[in-house]
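Here the structure comes first, spelled out in structure tokens, and everything after it is commentary.
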Amino acid sequence: PAMPSAYSSFVATSPYGEYAHRYDPGSYGEAGLVDDGIRGRIIDGKGYAKKVREELKVKLAAKLEDPKYNGRAPGLTVVLVGENPASKVYVGQKHKACEEVGITSTQLQLASTTTVEELLEQVDRLNADDACDGILVQLPLPTPELQAAEEQVLLRIRADKDVDGFHPFNLGCLVARAPRMRPCTPWGVMHLLWSTGVNPYGLRCVIVGASNIVGRPMMLELLLNGASVQIAHRFTRDLEGLVRDAECLIVAAGKPGLVKGDWIKPGAIVIDVGINRLENGKLAGDVDFEEAKQRAGWITPVPGGVGPMTVAMLMQNTLVAYEMHHTEVPAANGA
């Protein structure tokens with residue numbers, strides 16, 4: 001019989017204790033991908049995210065009855081610099097999710113003429129605000145000056161308020177197999193993978209794209225769950241050959257139609273993180289969906305797959321930060 005992983009013991013006492021069984025190899029069925037011949041099952045990220053939000057709402061309502069929390073709801077502040085229309089849409093989705101769960105959501109709107117120093121001053125103010133449990137600076141920033149300082153801005157957010165999970169401290173905790181704030185998109189992808197019922201231990205996973213936001217932390221999340229992982233990037237030779245061998249394929253390259261449908265291993269799990277607006281105005285992923293679903297056992301749609309789960313995990317991270325702020329001494333700036 002498989003022995004429980006060391007992480008399954010750790011997670012039982014962490015903010016992610018409810019997921020302890022996911023890190024026990026003995027709690028899964030047969031190892032590897034077992035192709036049952038069924039094709040094109042849709043992984044409903046939108047529906048799954050709704051379920052997560054409903055569970056968080058119930059969990060939060062119970063906490064607000066606990067005197068330890070003093071009746072204060074969690075607070076999330078989204079910092080939006082400039083007037084980027086797409087960013088406004090994304091921020092609106094986050095505010096709507098907060099309202100549904102019961103999180104107090106605040107938008108800090110700053111002019112596109114904001115300097116780096118002014119933005120950092122606002123981050124410092126939020127770091128010191130006890131009513132603010134989570135800080136999210138909406139990217140991309142609007143000016144070359146701010147874009148050049150993006151890393152500096154993200155580093156300035158207190159690690160225990162970094163609900164995006166981008167701070168090097170939080171990424172380092174994930175490397176050390178002791179996650180705190182988990183990057184939202186990779187953490188959401190893990191939920192979608194679990195929803196298939198396939199055993200992740202020993203699963204041959206290929207990630208296409210090596211960004212700091214998705215690809216690299218995605219690799220760490222999969223390793224934590226016992227998967228065998230390969231990452232393809234712009235220097236990879238024979239991308240098609242790599243994809244054809246993947247039992248689980250996660251694509252986050254930002255290039256519409258990069259992965260052809262006939263590359264997909266029959267019965268594989270395909271999770272398409274990409275979201276691209278085509279010239280005709282339609283949204284498309286990085287995978288040729290129509291052809292891929294003829295071969296995949298499970299596949300996420302675009303839109304309606306990974307995107308809603310990313311927002312749901314932001315809600316969960318805000319609740320985790322809220323819990324930590326009532327049980328621990330907050331971390332110092334950038335620590």
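Checking every residue in segment 118-134 against the condition of being touching a strand residue (DSSP E or B) at 6+ places or on another chain (Cβ under 9 Å) and over 21 Å from G165 (Cα atoms) gives at least one match.
Scanning segment 279-293 for residues that are assigned to a loop (DSSP other than H, G, I, E, B), open to solvent by 50 Å² or more (accessible area, probe 1.4 Å) and among the charged types (D, E, K, R) returns E279, K282, D288, K293.
Here is a yes/no grid of residues against (1) over 25 Å from A131 (Cα atoms); (2) modelled with pLDDT under 95:
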{"position": "S5", "(1), (2)": "yes, yes"}
{"position": "A12", "(1), (2)": "yes, yes"}
{"position": "I42", "(1), (2)": "yes, no"}
{"position": "K46", "(1), (2)": "yes, no"}
{"position": "V58", "(1), (2)": "no, no"}
{"position": "T77", "(1), (2)": "no, no"}
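Screening L249, L192, L223, L242 for residues that are in contact (Cβ under 8 Å) with a residue 24 or more places away in the chain and open to solvent by 10 Å² or more (accessible area, probe 1.4 Å) leaves exactly one candidate, L242. Among the residues of segment 226-239, the ones that are open to solvent by less than 70 Å² (accessible area, probe 1.4 Å), of a type outside the set (S, T, Y) and touching a strand residue (DSSP E or B) at 6+ places or on another chain (Cβ under 7 Å) come to 5 in all.
Residue by residue, here is whether (1) within 15 Å of R244 (Cα to Cα); (2) at pLDDT below 95; (3) among the β-branched types (V, I, T) holds:
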{"position": "G261", "(1), (2), (3)": "yes, no, no"}
{"position": "P266", "(1), (2), (3)": "yes, no, no"}
{"position": "V270", "(1), (2), (3)": "yes, no, yes"}
{"position": "G274", "(1), (2), (3)": "no, no, no"}
{"position": "L278", "(1), (2), (3)": "no, yes, no"}
{"position": "L283", "(1), (2), (3)": "no, yes, no"}
{"position": "D286", "(1), (2), (3)": "no, no, no"}
{"position": "K293", "(1), (2), (3)": "yes, no, no"}
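Flag not set for S211, criterion: closer than 23 Å to A31 by Cα and either out of contact with any Phe, Trp or Tyr (no Cβ under 6 Å at 6 or more places or on another chain) or open to solvent by 40 Å² or more (accessible area, probe 1.4 Å) (or both). Quick check on segment 197-209. Is at least one of its residues out of contact with any Pro (no Cβ under 9 Å at 6 or more places or on another chain) and hydroxyl-bearing (S, T, Y)? Checked segment 197-209: no residue is out of contact with any Pro (no Cβ under 9 Å at 6 or more places or on another chain) and hydroxyl-bearing (S, T, Y). Evaluating L139 against the criteria (1) more than 21 Å from A312 (Cβ to Cβ); (2) open to solvent by 10 Å² or more (accessible area, probe 1.4 Å) leaves one unmet condition, (1). The set of residues in segment 234-253 being in a helix (DSSP H, G or I) and either within 11 Å of I264 (Cβ to Cβ) or in contact with a helix residue (DSSP H, G or I) (Cβ under 6 Å, 6 or more places away or on another chain) (or both) consists of E240, V243, R244.
Checking A312, A296 one by one, the residue that is open to solvent by less than 30 Å² (accessible area, probe 1.4 Å) and not in a loop (DSSP other than H, G, I, E, B) is A312 and no other. Checking V175, V123, V153 one by one, the residue that is within 21 Å of A252 (Cβ to Cβ) and among the β-branched types (V, I, T) is V175 and no other. How about segment 68-83: which of its residues are touching a helix residue (DSSP H, G or I) at 6+ places or on another chain (Cβ under 9 Å) and in contact (Cβ under 8 Å) with a residue 24 or more places away in the chain? Selection gives Y69, R72, A73, P74, G75, L76, T77, V78, V79, L80, V81, G82.
The residues in segment 174-208 that are out of contact with any helix residue (DSSP H, G or I) (no Cβ under 9 Å at 6 or more places or on another chain) and farther than 27 Å from E30 by Cα can be counted, and the count is 1.
The values are calculated or read from the model by the stated rules, or taken from the named source; none is laboratory data. From a predicted model like this one, the values you see are computed outputs, not experimental measurements. Cβ: placed from backbone, ideal geometry, glycine included. Neighbour counts: every protein chain shown. Keep in mind that these areas ignore ligands, DNA and RNA; they rest on the heavy atoms of the full protein, side chains included. Shrake-Rupley method; radii C 1.70, N 1.55, O 1.52, S 1.80 Å.
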